[in-house]
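Everything on this sheet refers to the single structure shown next.
Nothing in this text is a laboratory measurement; each read-out follows from the coordinates by a stated rule. Computed from a predicted model, the values in this text were never measured in an experiment. Counting neighbours? That spans all protein chains shown, and the Cβs are built from the backbone with ideal geometry, glycine included.
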Amino acid sequence: GENVEQHPSTLSVQEGDSAVIKCTYSDSASNYFPWYKQELGKRPQLIIDIRSNVGEKKDQRIAVTLNKTAKHFSLHITETQPEDSAVYFCAASWGGNKLVFGAGTILRVKS
Amino acid sequence: DAGITQSPRHKVTETGTPVTLRCHQTENHRYMYWYRQDPGHGLRLIHYSYGVKDTDKGEVSDGYSVSRSKTEDFLLTLESATSSQTSVYFCATHRDGLETQYFGPGTRLLVL
């Protein structure tokens, strides 16, 4: 079955710097890769996703890149702000069903 | 939030007792999922449903059962709760043909 590894487990950045979180997946059949943000005590919320027919996707300060050959994908947050502090999860699946999640990255943005 | 509610939101129970968690959605989504969230493990799939009375096991299904008798409700039952089932449980749904999964607010379960 699918296995998703996520790094780093914690990441501290200065406000205004960029943050990068990386994930690798094992199943080459996976074609859908969402990223979720979870604030303390809250539910995970989708922030961006990418499908295997696309190499990069951007939404304002957030971007995701996908390298199908290497089976890895990354989340890039530019101009980080204190409200970006949260736990971020990557996931992989075929067709959006049965998501397999990474272990999560705690992002701290220091002001 | 895709109209997903979970009940109860918090529960404390004793080892060996049965526990049922409820997920209710108002979006008429076909697919529903139960995940558990534990530190260092992210979210792990317990069971999922692809329609009324159609369910299947996920990655960590041992000790759990589910039922879906109506589109809007997906029940997760711990037949005999153990301390290892102390966790936060999230329900999620998505519409047929769209991949985005929406999560409920979660249920925090403590098994003593």
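Amide H contacts under 5 Å for A:Ile50: A:Phe33, restricted to partners 5 or more places along the chain or on a different chain, H placed in the peptide plane at 1.01 Å from N.
Take every Cα pair under 8 Å in chain A that's 6+ residues apart, average their separations, divide by the length, and report that relative contact order as a whole percent. Over chain A, the number comes to 37 percent. Distant-in-sequence amide contacts of B:Ala81, defined by a placed amide H-H separation under 5 Å and a gap of 5 or more residues or a different chain, comprise B:Gly16, B:Thr17, B:Val19. Working note: Karplus 6.51/-1.76/1.60 with θ = phi - 60° gives the range B:99-112 the couplings 8, 4, 9, 10, 9, x, x, x, 10, 8, 10, 10, 10, 8 Hz, where Gly and Pro are set to x. Counting neighbouring beta carbons within 10 Å and listing from fewest to most, the residues A:His7, B:His10 come out as B:His10, A:His7. Across the range A:15-32, coupling constants 3J(HN,Hα) worked out from phi with the 6.51/-1.76/1.60 Karplus curve, θ = phi - 60°, read 3, x, 7, 9, 10, 10, 10, 10, 9, 10, 10, 10, 8, 5, 7, 4, 9, 9 Hz, and Gly and Pro carry x.
Could you tell me what a quarter of the Cα convex hull surface of the range A:1-93 works out to, in nm² with one decimal place? Before the final figure, lay out each step's value.
Numbers: hull surface 23.9 nm².
About 6.0 nm², averaged over all directions.
Using a cutoff of 8 angstrom between alpha carbon atoms and counting only pairs six or more residues apart, the relative contact order for chain B works out to 36 percent.
Only Cα pairs under 8 Å and 6+ residues apart enter the sum, and on that basis the relative contact order of the range A:1-43 stands at 43 percent. Per-residue Karplus couplings for the range B:16-26, computed as 6.51 cos²θ - 1.76 cosθ + 1.60 with θ equal to phi - 60°, are listed in order as x, 8, x, 9, 10, 10, 10, 10, 10, 10, 10 Hz, Gly and Pro entered as x. Normalised by residue number, the volume inside the convex hull of the Cα atoms of the protein assembly as shown is 116 Å³ per residue.
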